[in-house]
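Asks: Quick one: this structure, given as structure tokens, is what I'll be asking you about.
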Amino acid sequence: MRGRVANVLEDPVTKNLLINAEDTLLNRPINLEVDMVVLAAAVQPSEDTDRTRKLFGVSKSMDGWLLEAHPKLNPCGTTTAGVFLAGVCQGPKDIPDTVASAEGAASAASIPIHMGEVELEPYFAQCIEEKCAGCGMCVNLCPYQALALVEKDGRKVMQVTEAKCKGCGTCGGFCPGGAIWMQHFATPQIVAQIDAFLLGGEQ
């Protein structure tokens, strides 16, 4: 039986335990009388989960579990292209759910393997080297480790690894010199969209 327990009560006469639960397989409520109830041991993320997360650029929940790209639309994928999740790395799961997520991750991973390449979104940060002061503050802020300082023409400037960048805009919003802008989301483009909305298409 697999189900969700609502409550556990003690019978005042027999001293047995009465369990009220929902059978998730049959989709109906059930009531059981048992002698003993054993609580399942708590499950926590592995100690090296955070190191693995940083290595592959995967987000985590407040409880420390690895986060999928979207719980409904992309439950096995992550924000890093080509990296997929399966099993209890996402949270406590029983065997059927673990097998189902593993099958989904294997199926999703087989697509880029068969194609021979990974398709990336065309949204990434770009640096205006003339404005970049080489302070490196954006490098520490990037959640995907997509930025780095490189030596160029005798000074340090920020360089973007486009394959890692997800276009979140964190670096662009923080840059004190305004040296970073987002591909397809430049300030003139956004201002033009706002003007078009406010003016209703009128010039």
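Just so it is clear, none of the values below were taken in a lab; they were calculated from the coordinates. Keep in mind it's a predicted model, so treat the numbers as computed, not measured. Heads up, the Cβs are rebuilt from the backbone with ideal geometry, glycines too, and the neighbour counts pull from every protein chain shown.
Asks: Computed FRET efficiency, Cβ-Cβ of V150 and K72, R0 45 Å: what is it to the nearest 0.05?
Replies: E between V150 and K72, to the nearest 0.05, is 0.65.
Asks: Right, something else. Find out how many positive minus negative residues lie around N20, taking Lys and Arg as positive, Asp and Glu as negative, among other residues whose Cβ is under 15 Å from that of N20.
Replies: -3
Asks: A further question follows. Counting only other residues whose beta carbon sits under 12 Å from that of T49, what net charge do I get with K and R as +1, D and E as -1?
Replies: Every neighbour counted, the sum reads 0.
Asks: Mark the label point 7 Å from the Cα of I95 along Cα→Cβ and return the residues of region 28-68 whose backbone N is within less than 18 Å of it.
Replies: 40-41, by backbone N distance to the label point.
Asks: Now, a different point. What FRET efficiency comes out for the pair F56/V191, r = Cβ-Cβ distance, R0 = 22 Å, nearest 0.05? Intermediate values should be presented prior to the final figure.
Replies: Numbers: r = 36 Å, r/R0 = 1.66.
About 0.05, to the nearest 0.05.
Asks: Another question, then. Find which of V157, I95, L39 sits farthest along the positive direction of the dipole of the chain, computed with +1 on the beta-carbon of Lys and Arg, -1 on that of Asp and Glu, about the Cα centre.
Replies: The Cα lying farthest towards the positive end belongs to V157.
Asks: Pairing rule first: another cysteine's C-beta must sit under 4.7 Å. Under that rule, which cysteines of the chain stay single?
Replies: Result for the chain is C76, C89, C127, C132, C135, C142, C165, C168, C175, no neighbouring Cys Cβ within the cutoff.
Asks: For region 49-115, max minus min Cα coordinate along each principal axis, in Å, sorted largest first?
Replies: The Cα atoms of region 49-115 stretch 34, 27, 20 Å along the principal axes, largest first.
Asks: Right, another one. In the neighborhood of S101, defined by Cβ-to-Cβ distances under 13 Å, what is the net charge if each Lys or Arg adds +1 and each Asp or Glu adds -1?
Replies: Local charge sum for S101: -3.
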